[in-house]
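The values are calculated or read from the model by the stated rules, or taken from the named source; none is laboratory data. Just so you know, these numbers come straight off a predicted model, no measurement behind them. Because the Cβ atoms are built from the backbone with ideal geometry, glycine has one as well, and the counts that use them run over all protein chains shown. Quick note on the areas: whole protein, heavy atoms, side chains included, nothing else; ligands and nucleic acids left out. Shrake-Rupley method; radii C 1.70, N 1.55, O 1.52, S 1.80 Å.
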Amino acid sequence: MTEPDRQAPLVSDDHTERIHAHRPECQPACQTRSPSSRPPSRRSPTRRTFTRRTASTILLLIAASILWGLFGTPSADAAPDEVRVFGVLRNGTEKVAGVKLEAKDAAGSVVGTATSSGTGAWSVMVPPGKYTIVVDTGSLPDDVEVQKSELPVDVSGGTARPVIFSFGEVRTGTEVSAVSELTRLAIDGIRFGLIIAITGVGLSLIFGTTGLTNFAHGELVTLGAVVAWVFNVRVGLQLIPATILAVIVGVGIGILNELGLWRPLRRRRTGLIAMLVVSIGLALVMRYLILIFFSDRAEPFDDYQAQTQIGSGPFAITPVNLACIIICIVVLLGVALLLQRTRIGKAMRAVADNKDLAESSGIDVDRVILFVWALAGGLATLGGVMFALSELGGRVQWEMGFKLLLLMFAGITLGGLGTAYGALLGCLIVGLLVQLSTYILSPDLKYIGGLLILIIILTIRPQGILGSRARIG
């Protein structure tokens, strides 16, 4: 072999140029590329996850600051050692204005006075203790007569107390037949079932799209009522705009739940059992945070306390309860139209049926699940206000959502887990059975019926009324 042959390169220059032409990474580092040949810049998954977590953390800190400012700051217009006693004077549907009232202590001394406003509302600040609220009958209009001009009230520290005066002739009690009583209980059951449905539909949609059994959903119900109470009592808004703001807050909390907790857990492929345990822990944290910042006592709304029934006999109903029924029906019909007529509703049903097939069809599953959480948060907060108004006498309790959670599970299990229409049907049946059970049982024991219904359903038909049997194997 000659010397030139030994020095010849193993690869020809033409072959090297072809390699560089097909493999840009083989080109020299000093060679510049044209802007059009550069690949589009993409943020790494780690940086994207870090950015979302940072944003979620900032939002949570802002929400915590708002809650601390609203719940932790005492009212500026009331002394710390005084409690508000309030009420609304109404003669039927007419508001009684200009009536003078006095608050007297046990010794008969006047400790506070008030005059009813144009809406009939009045309030007086008194220290904790036992008092008698007296209506000055001389300030009443000529055609208005109060049944009892003096009513006792026991004022405990930090808890506002409503006092309701009745006007007109004293009504005598009449014997109620069994049919009338059952009819009244059936109407109450429909109302109660609609409230359970409006809170349980979101829980069912979350299970259908993610497979998560969210035990913290009851605390969303409580939080909705508490936020509405803060806007109504602390801020001074009327209850309707306060409820609208509470629903907006509930939508935001649902979004924070998904972005800050559940989506990162799903991306880590956390099992459903572990996520269920996380939801139980989240429920405990939220419940006792509400207890710390809110109160351990039932706190009333400022509005819609004194209600006069309309109708007669078993069909007599207060305007608040009638409004709750109408609002629940309208909202549930809106949810049904959303699922049937809109693109996002069809996408939600597709993800609930088969998530993998929906994703392969081009549906953004993460966006759909985020919308489901937002919808569930809004419905839960609205249901919390409806539940406090119609079932708890206009009062907000720190564990009211936990009491309702069992009935929600019973309703969606009876109707079929993961189906919105099944949740609606099942919750209506549960509400009817729970209210009708008070004809035999004490009203304090009516929630036990929800547990019995849940046990019977899981024993006889675990897939529910509208659910389908799952094939295993």
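Numerical summary
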quantity: Gained length - Ala323 relative to Asp154, 0.36 nm times residue gap less alpha-carbon distance; calculated: 57.7 nm
quantity: Label-point gap, in nm, between Thr137 and Val111 - each point 7 angstrom along Cα→Cβ; calculated: 2.5 nm
quantity: Per residue solvent-accessible surface (Å²) - region 105-263, probe of 1.4 Å; calculated: 43 Å²
quantity: Solvent-accessible area, 1.4 Å probe, carbon plus sulfur percent, for region 242-347; calculated: 69 percent
quantity: Anchor Lys95: lysines whose Cα lies under 22 Å away (excluding residues fewer than 8 positions away in-chain); calculated: Lys148
quantity: Nitroxide proxy distance, nm - points 7 Å out along Cα→Cβ at Ser442 and Gln147; calculated: 2.6 nm
quantity: Stokes-Einstein translational diffusion, region 210-253 - Kirkwood Rh over all Cα pairs, 0.890 mPa s, 25 °C, in µm²/s; calculated: 224 µm²/s
quantity: Ordering of 325-333, 269-277 by packing [mean C-beta count within 10 Å, highest first]; calculated: 325-333, 269-277
quantity: Proportion of all alpha-carbon pairs of region 245-385 beyond 21 Å (%); calculated: 59 percent
quantity: Overall dimensions of region 189-262 by Cα: Rg and Dmax, Å; calculated: 13.7, 40
quantity: Segments 228-239, 116-127, 349-360 sorted - mean Cβ within 10 Å per residue, highest first; calculated: 228-239, 116-127, 349-360
quantity: Extension gain (nm, one decimal) between Leu338 and Asp353, 0.36 nm per residue minus Cα-Cα; calculated: 3.7 nm
quantity: Per principal axis, descending, Cα span of region 297-370 in whole Å; calculated: 57, 32, 16
